[in-house]
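*Asks:* Okay, here's the structure, questions in a sec.
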Amino acid sequence: MPPITVTQDLVLAVAELSQLNIDGADIDDYAVDMTKVLALVEQMHGVDTSGIAPMSNPTDASQQLRADEVTETDQRERFQAIAPETDGGFYLVPRVVE
Amino acid sequence: MSELHDKTISQLLLDLDNKAFSSVELTGHYLDRIERLDPAINSYITVLREPALARAAAMDVARQKGIHPPLAGIPIAHKDIICTQGVRTSAGSRMLDNFIAPYNATLVEQLNDAGVVTLGKTNMDEFAMGSSNENSYYGPVRNPWRADRVPGGSSGGSAASLAAGLCAATTGTDTGGSIRQPAAFCGITGLKPTYGRVSRWGVIAYASSLDQAGPMARTAEDAAHLLQAMAGFDHRDSTSINQPVPDYLAQINGSIKGLKIGICTEYFDEGLDDDIRTAVMAAAKTLESMGAILSEVSLPNTQHAIPAYYVIAPAECSSNLARYDGVRFGYRCADPESIEDLYKRSRSEGFGREVKSRIMVGTFALSAGYYEAYYRKAQQIRRLISADFSQVFDQVDYILGPTTPSTAFKLGEKVDDQVAMYLQDIYTIAVNLAGLPAISIPAGQSQGLPIGLQLIGRHLDEGGLLKVAHNFQQASDWHAQRPNDGQ
């Protein structure tokens, strides 16, 4: 994998995927920062990992399963009390369908 | 006799039993110190004066009745990434500045059941991303040892509050060194338990396969007091380890005679400060004089730990932080024009620069065309790093080295150099990738600043680590040194 130089277009594409607004002079700042971080992680590509299984859990444990039973009670009011805007049990957002 | 605020939990429990003072008096003493001294340190985001005094009074009543939980009336603080019901839990971020946690984290419940008094919530790098506590929405924390120095991060407020005598112990979280590095910088004891030993339920997620909460305390014995309450299986955390919790306080008093301690050659590279090298080797000799058997060991993939971490952690961060959308809780931008504007502006205004940078790197590493070369590759390297440790633990019981390459650096010194900041975690990060327990304890000073010694153990051997640390603290007094606050 050749070293990556992060361009303005790549910053904007990743910002879109990340649901972030990055504009103006910030685009170049992020491009420089991301290029440096990717250069730091670049040395990974010199390591021979053929035949090595990826490790996603540090104790190699699989996730615990529990019985398929309802254990939680309805706490909608409690959790909506901290929401920015609600109405009649619904979360309010700007109109999506015209 | 040490000052009230410098006493260990073990001493405080004896004094409370002997009625030398009440928990209300002790709690009031800490609260007064916080009010007087913390404006210059900034270690607390939220102080819970009235609830703490009420809780202390209740614990005094319980103690008088003679039936009380083990840590009744001991005043502690929680890192502000740990959910505390009815209390703001900000994670050091504008995003959660208005977030009142609707429930307690499991570890908070456990410590409450053990009788602690919660003084407040401590400052931290935003969403635990940082090594200097300069990435907080609530401003940087200053190191009590010297005001122009950082306390380390991300649990910088926890470490600084303890070093300044503003609590008896604290909780922290450690994803790449965030308990151990600030513990080293502030001259306290910090334990990162085995991944899954302490429940992550109610601990705001940064990188879920690395995050682990643990105790920060004055001594290994005090850390054992806290871990005893915090450790254990939790059915609400699907990665929690279902193994019995040993009696850590009983374990720490064992002898270290005959224990094999490996000195990791890769941790004594050219980047290490000379005073730290000397102090850590002197500490190793102390352990040898107490009967430990020293040898050299090698972890050849150490150099790949930081690259692998800075793919895995940002990738998991980008996924975990996708939940902050301005809809259900947390920051919402003013007058959103569309749903997309709501998401993007809430996130752009709510997150700080470093958090956005890690979300961007992580999103890139997980995106189509790059996933195999970055995320999968990093997870393969993670296995190589883990295998290094397994091989070494066939030869020795513990691995010894420095916690950090330098002592506390100056505020502002590394803020413009992200990669230099990342390299701070060079000796701590591999431990998280392998899910191992590790402890940092004070082992010297350089120009008046504390030096940290790191010990790494096998999975679930927290008791053994605490034993080695406790033995060292019986033979040294670095852990008893305090910064001079003139108060």
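The values are calculated or read from the model by the stated rules, or taken from the named source; none is laboratory data. For clarity, every value in this text was computed on a predicted model and none was experimentally measured. Cβ: placed from backbone, ideal geometry, glycine included. Neighbour counts: every protein chain shown.
*Asks:* Do we have B:ASP97 as within 14 Å of chain A (Cβ to nearest Cβ), in contact (Cβ under 8 Å) with a residue 40 or more places away in the chain and of a type in the set (Asp, Glu) here?
*Replies:* When the stated conditions are applied, B:ASP97 passes them.
*Asks:* Take the residues in the range B:290-311 that are among the small types (Gly, Ala, Ser) and under 30 Å from A:VAL47 (Cα atoms); name whichever of them is surrounded by the fewest Cβ atoms within 10 Å (Cβ to Cβ).
*Replies:* B:SER295
*Asks:* Now a separate question. For the range B:260-289, how many residues meet the condition of being touching a residue at least 60 places away in the same chain (Cβ under 8 Å), assigned to a helix (DSSP H, G or I) and either touching a strand residue (DSSP E or B) at 6+ places or on another chain (Cβ under 8 Å) or buried (at least 19 other Cβ atoms within 10 Å of the Cβ) (or both)?
*Replies:* Of the residues in the range B:260-289, 12 are touching a residue at least 60 places away in the same chain (Cβ under 8 Å), assigned to a helix (DSSP H, G or I) and either touching a strand residue (DSSP E or B) at 6+ places or on another chain (Cβ under 8 Å) or buried (at least 19 other Cβ atoms within 10 Å of the Cβ) (or both).
*Asks:* On to the next question. Within the group B:SER178, B:SER208, B:SER238, B:SER199, which residue is out of contact with any strand residue (DSSP E or B) (no Cβ under 6 Å at 6 or more places or on another chain) and at pLDDT below 95?
*Replies:* B:SER238
*Asks:* Could you list, in sequence order, the residues of the range B:191-228 that are in contact with a Gly (Cβ under 9 Å, 6 or more places away or on another chain) and either away from chain A (no Cβ under 14 Å) or within 26 Å of B:LEU4 (Cβ to Cβ) (or both)?
*Replies:* The answer is B:LEU191, B:ALA213, B:GLY214, B:PRO215, B:MET216, B:ALA217, B:ALA223, B:ALA224, B:LEU226, B:LEU227.
*Asks:* Being touching a residue at least 12 places away in the same chain (Cβ under 8 Å) and either at the interface with chain B (Cβ under 7 Å from one of its Cβ atoms) or touching a Ser or Thr at 6+ places or on another chain (Cβ under 8 Å) (or both) is the filter here, so list the residues in the range A:23-40 that pass it.
*Replies:* Of everything in the range A:23-40, those that are touching a residue at least 12 places away in the same chain (Cβ under 8 Å) and either at the interface with chain B (Cβ under 7 Å from one of its Cβ atoms) or touching a Ser or Thr at 6+ places or on another chain (Cβ under 8 Å) (or both) turn out to be A:TYR30, A:ALA31, A:MET34, A:THR35.
*Asks:* Then there's this: Quickly run through the range B:318-329 and pick out the residues that are within 8 Å of another protein chain (Cβ to nearest Cβ) and surrounded by 18 or more Cβ atoms within 10 Å (Cβ to Cβ).
*Replies:* Residues satisfying the conditions are B:SER318, B:ASP325, B:GLY326, B:VAL327, B:PHE329.
*Asks:* Among the listed residues B:SER131, B:SER90, B:SER161, identify the single one that is modelled with pLDDT of 95 or more and not in a loop (DSSP other than H, G, I, E, B).
*Replies:* Step by step, each of B:SER131, B:SER90, B:SER161 is checked, and only B:SER161 is modelled with pLDDT of 95 or more and not in a loop (DSSP other than H, G, I, E, B).
Yes/no per residue for (1) in contact with a helix residue (DSSP H, G or I) (Cβ under 9 Å, 6 or more places away or on another chain); (2) among the acidic types (Asp, Glu); (3) in a helix (DSSP H, G or I):
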site	(1), (2), (3)
A:VAL6	yes, no, no
A:ILE22	yes, no, no
A:ILE27	yes, no, yes
A:VAL32	no, no, yes
A:MET44	yes, no, yes
A:GLN64	no, no, no
A:VAL96	yes, no, no
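*Asks:* Residues that are surrounded by fewer than 24 Cβ atoms within 10 Å (Cβ to Cβ), more than 7 Å from chain A (Cβ to nearest Cβ) and among the polar types (S, T, N, Q): find the helices (runs of 4 or more DSSP H) completely inside the range B:339-458 holding 2 or more of those.
*Replies:* Fully inside the range B:339-458 and qualifying: B:377-392.
*Asks:* Identify, from the list B:ILE67, B:ILE81, B:ILE76, the residue that is closer than 28 Å to B:ASP234 by Cβ and either of a type in the set (Lys, Arg) or touching a Gly at 6+ places or on another chain (Cβ under 8 Å) (or both).
*Replies:* That would be B:ILE81, the only listed residue that is closer than 28 Å to B:ASP234 by Cβ and either of a type in the set (Lys, Arg) or touching a Gly at 6+ places or on another chain (Cβ under 8 Å) (or both).
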